[in-house]
Every structure is written in C-alpha cells, then in structure tokens.
1. If we sort 35-45, 95-105, 59-69 on the protection proxy, mean other Cβ atoms within 10 Å, highest first, what's the order?
2. Among T135, T146, P38, whose Cα lies farthest out toward the positive end of the dipole of the chain, if unit charges sit on the beta carbon of Lys, Arg (+1) and Asp, Glu (-1)?
3. Can you tell me the length gained on complete extension of the stretch T146 to L35, counting 0.36 nm per residue apart and subtracting the Cα distance?
4. For the chain, what is the charge dipole size about the Cα centre, in debye to the nearest 20, if Lys and Arg each add +1 at the Cβ and Asp and Glu each add -1 at the Cβ?
5. I need two numbers for the range 1-104: Rg to one decimal and Dmax as a whole number, Cα atoms only, in Å.
6. Starting at the first residue of the range 67-74, write each ³J(HN,Hα) from the Karplus equation 6.51 cos²θ - 1.76 cosθ + 1.60 with θ = phi - 60°, in whole Hz, x for Gly and Pro.
7. Could I have the simple spin-label model distance between L129 and S3, label points 7 Å from Cα toward Cβ, reported in nm to one decimal?
8. If you project the alpha carbons of the range 1-41 onto the principal axes, what extent comes out on each, in Å, largest first?
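Since every read-out is calculated from the coordinates, none of them should be taken as a lab result. Just so it is clear, the structure is predicted and the values come from calculations on it, not from any experiment. No Cβ is skipped: glycine too gets one built from the backbone with ideal geometry, and neighbour counts run over all protein chains shown.
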Amino acid sequence: MSSAAFTRLVEAQGHLQYDLGVLADDEQKTAPTPLSPPWRRITAEVQTLVLEKQGIRLGIILFPKAAANLKAQFHNIGAHAERLHRTCDLVLGVSPWGKRLEGRFLQANPGSVDILHGSGPGGPLPFRLSEDNQTVWVRPYNKGKTVQRIDILTLPGPAATSWEKGKNVRLQLIPLKESLPEEAAVTQALEQ
C-alpha cells in the first residue's frame, strides 16, 4: 500500500472512532512517521496501555516482534499481564506472531490474557477458547473481509474465571459485503 493510500485509510478509519489501531509488518513500511494516535507500531519491546470505557478498565498488551529467546519473551509478557490484571477488568493481548507461536504462548502462560487477538502467519480463528477456557483466542480472516465482534456478557473475575461460549462471551462474524450500508464520511475519505 502506498503512503498516500495509507493516509487515506487512516483518515477513513478515523471516522469510525477506533480506540486503537495496530499496524501489521507490511503496513509499517509505508506508514507515515510519526503516527498519530490511536495508531501504534509493533516494536521489539512489549507495549502496554490502559483504556477506560463506560467504567471498564481494559489493559492492552501489544506483543513485540518475536525474539530468538521465546521463553524469556513469554515470561516478560506474562509479567506485564499480571501487573495489568491488578488494576484492569480485562486484559487483551495483540500479537503479530502467527498461529503457531500464539498457541505456544497460551500453553506457556495459561490465563495471562483474557482475550488474544492474533495475526500473522496461519489461518483464521473465528472463536477458540484456550485449553483451560481462560482465554478467548481470535484471528482475523484474510484481507479484512470480516469483522469479528466479541460481546462480553460477564467480565471474568473471582466469580467467573473461565469463559463459556454463549454464557459470558459470544462472537459474531460480520462479513463485509456490498449489501452493507456505506458510511458517507468513510467513503468520501477513501475516494479522495
């Protein structure tokens, strides 16, 4: 994607009022520098932030680029997650690693993140629970042709330490088809 196209895309997505946007590796090459919030780049270091919406504190961990010493990296992310769990209602991990490494992370750090939004190599996961049911793991469909909506019906906590599909969490897949109504401001920004 060209820098001009990326700039138009960022402007269009600004109309959607996202709280966070994370660039994929290939997007980072053409993105303008510096990026304006809510956009973030994946770096070699773990990044954390806390968003508060409607009285709910969401801790977010942006996983770093995969390192040679995965065991140390897994431990480091787990420590960040533990700190966020102390002050946040929900902890979300955002990973660029790919399906295989994300699966290894979840096995090494059960329950460290409540939701893992994966990306990178490997296929989509519309909705999977970790083996211990403590993490909802989703991965997008290719080319952004589907929106994954996660509805959290009850926050995890002392009374509910695991996820149950349909009981305290559900996922809706929304295919982006021609039949969806257009948002005028977004369309205008993309057509410039």
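1. Numbers: 35-45: 13.5, 95-105: 19.5, 59-69: 17.5.
Going from most to least packed, we get 95-105, 59-69, 35-45.
2. Looking along the dipole axis, the top candidate is T135.
3. Numbers: separation 111, 0.36 × 111 = 39.96 nm, distance 2.52 nm.
Additional length available on full extension: 37.4 nm.
4. Numbers: 22 positive and 19 negative charges, 96 e Å.
Here the chain has a charge dipole of around 460 debye.
5. Calculated on Cα positions, Rg and Dmax stand at 15.0, 42 Å.
6. Once θ is set to phi - 60°, the couplings for the range 67-74 become 9, 5, 9, 5, 4, 5, 5, 4 Hz.
7. Result for the modelled spin labels: 4.8 nm.
8. Its Cα atoms span 24, 18, 16 Å along the three principal axes.
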